[in-house]
1. Mind giving me the nanometre distance, one decimal, between the label points for residue 196 and residue 113, set 7 Å out from Cα along Cα→Cβ?
2. Taking the alpha carbon gyration tensor of segment 103-250, what are the square roots of 5 times its eigenvalues, largest first, to the nearest whole Å?
3. Per residue, how many Å² of accessible area does segment 92-250 show with a 1.4 Å probe?
4. Would you work out which of 229, 216, 201 lies farthest towards the positive end of the dipole of segment 185-250? Charges go on Cβ: Lys and Arg +1, Asp and Glu -1.
5. Two decimals is fine: what is log10 I(q)/I(0) at q = 0.17, 0.27, 0.30 Å⁻¹ for segment 100-162, from a Debye sum with one equal scatterer on every Cα and no solvent?
6. Arrange the peptides 240-246, 214-220, 77-83 so that the one whose residues have, on average, the most other Cβ atoms within 10 Å appears first.
Amino acid sequence: MSSTSTTDSPSRSTGPGRPRRRRLWTGLAVVVVLLVLAAVVGPRIYAEVEGGKAAAPLVSAGSTPSATATAASTDAALNGAWAITSGGTAGYRVDEVLNGQNVTVTGRTSKVTGSLTVDGGQLTAGTVTVDLASVETDSSARDGQFRGADIMDVDRFPTADFAVTSPVPLGGLEVGSTIAVQLTGTMTLKGTTKDVTVPATVQRTAEKAVTVTGSLPVTWSDYGVQAPNLGFVSVQDAGTIEFSVPAVPA
């Protein structure tokens, strides 16, 4: 009497483990997609949100400059010493780059002091001093880094200073008018002084009141300022220093 044995052929598992594995792989795929979206879309959203926080460029509140002054003013009321008063603003504008997306950042302070001297219808002397420790953006962490030893080192170099070194004619600066001028002088930042020319406007808001507004393109490394680079986010080496300061007779 003989017996016959049979061997079952291998078959694919249809037990409960297979649906669990499928859910696992599906979950991993979703995570990968979300990470890719975050890497691609996240910086773009960040740029749109942060870019909207940047302050507008400082410009003259008056009309478009009527002319570029090339001659001295004949108005004796302009002659004498002037003092920069409260209500002025100064700061910087710079681009950050996050994974290829540009974000414009602006820092601002109202702690601006200085003086002007007008003689013979020309601006013959002038100083503007900005308290760097008071410059603020929308991020306290960024501001702390800005003030630190690796960037501005405000403990050692607390101010940015501009001084006029060549006469500036003020011809055409009548009450209610705005003229374009070139302020030739020196800029001192982090202990380094450079010769600069600042495109600016002078607005005469009243017989005894003017507002001087200007912006100066700068390369931070020229002043020994190292623009931070954290790998995923970096700051451009080129930026702008801006100011708008009112003055009245001292």
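1. Here the modelled spin labels are 2.0 nm apart.
2. On the way: eigenvalues 192, 46, 38 Å².
Taking √(5λ) for each eigenvalue gives 31, 15, 14 Å, largest first.
3. Accessible area per residue: 43 Å².
4. So the residue furthest toward the plus end is 201.
5. These q points yield log10 I(q)/I(0) values of -0.68, -1.13, -1.24.
6. Final packing ranking: 240-246, 214-220, 77-83.
The values are calculated or read from the model by the stated rules, or taken from the named source; none is laboratory data. Since the structure is predicted, the reported quantities are computational estimates derived from the model, not experimental observations. Every residue, glycine among them, receives a Cβ derived from its backbone with ideal geometry; neighbour counts consider all protein chains shown. Please note that ligands, DNA and RNA were not included when accessible areas were found on the heavy atoms of the full protein model with its side chains. Shrake-Rupley method; radii C 1.70, N 1.55, O 1.52, S 1.80 Å.
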